[in-house]
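Visitor: Let me give you the structure first, and then I'll get to my questions.
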Amino acid sequence: MSRLTLEGLEDQLDELVMLVSAVAEDGLERTDRLDKAVSKLRDQLQELVDHLTASEAEHTGEEAEEDPTGWVERATPEQWAALADWVDWLQSHYEVSGEHRLPPCWPRHKGAVEELAALHGSWKAAMLTDMKSEGLGDAAVYWHDRYRGEGLRRACSSINRACFNTGHTEPFRLLCRSFVS
């Protein structure tokens, strides 16, 4: 519901209050019923205003105080399995080789996982859009042109180069907090 609609309801409520005052001279019983109706309407209007305010805050992120978390931290085991299956499919389907071929230890590199999860999400969105357009759109072409190669490049650049040559090597962890006094 928009603010304009709420303002219109407030105007109607003000008009109703004036009518109640005019009818007050006419009879006490009618006045009591109208007072109750006005009170109920005022409460409903306030609920709508509160709901609209909360909804606007939700959409603008005003109430969002918690820090966002990455895909790695929030993914379920099913999502991890789906990502692993998709990465296997991606590498075999596109016959990925050379510098864009992911080493088997890619799930142990959080940066690579974040890149691949984002790439997977964009692939799903592009393919669903392409399916809905019955192949008449350009979402799939755009994904292939813009995201596939670049996404794989970024994922690979998030993995220690030794993993490509000699097997998994744990990433070097620099604790920045130790430099902060």
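Visitor: Report yes if E62 is among the acidic types (D, E), surrounded by 10 or more Cβ atoms within 10 Å (Cβ to Cβ) and modelled with pLDDT under 70, otherwise no.
Guide: So E62 fits the description; yes.
Visitor: Among A81, A57, which is closer than 30 Å to K124 by Cα, part of a helix (DSSP H, G or I) and at pLDDT 90 or above?
Guide: A81
Visitor: Anything in segment 138-147 that is under 23 Å from Q79 (Cα atoms) and either open to solvent by less than 40 Å² (accessible area, probe 1.4 Å) or among the polar types (S, T, N, Q) (or both)? List them, or say none.
Guide: Answer for segment 138-147, where residues must be under 23 Å from Q79 (Cα atoms) and either open to solvent by less than 40 Å² (accessible area, probe 1.4 Å) or among the polar types (S, T, N, Q) (or both): A140, W143.
Visitor: Would you pick out the residues in segment 89-137 that are open to solvent by 90 Å² or more (accessible area, probe 1.4 Å) and not in a loop (DSSP other than H, G, I, E, B)?
Guide: The answer is H93, E99, R108, K110, K124, L128, M131, K132.
Visitor: Surrounded by 11 or more Cβ atoms within 10 Å (Cβ to Cβ) and modelled with pLDDT of 90 or more: is that true of E150 in this structure?
Guide: So E150 passes the test.
The values are calculated or read from the model by the stated rules, or taken from the named source; none is laboratory data. In this text the structure is predicted, and so the values were computed from the model without any measurement. Cβ: placed from backbone, ideal geometry, glycine included. Neighbour counts: every protein chain shown. The protein model used for the area step is the full one, side chains on, heavy atoms only, and it has no ligands, DNA or RNA in it. Shrake-Rupley method; radii C 1.70, N 1.55, O 1.52, S 1.80 Å.
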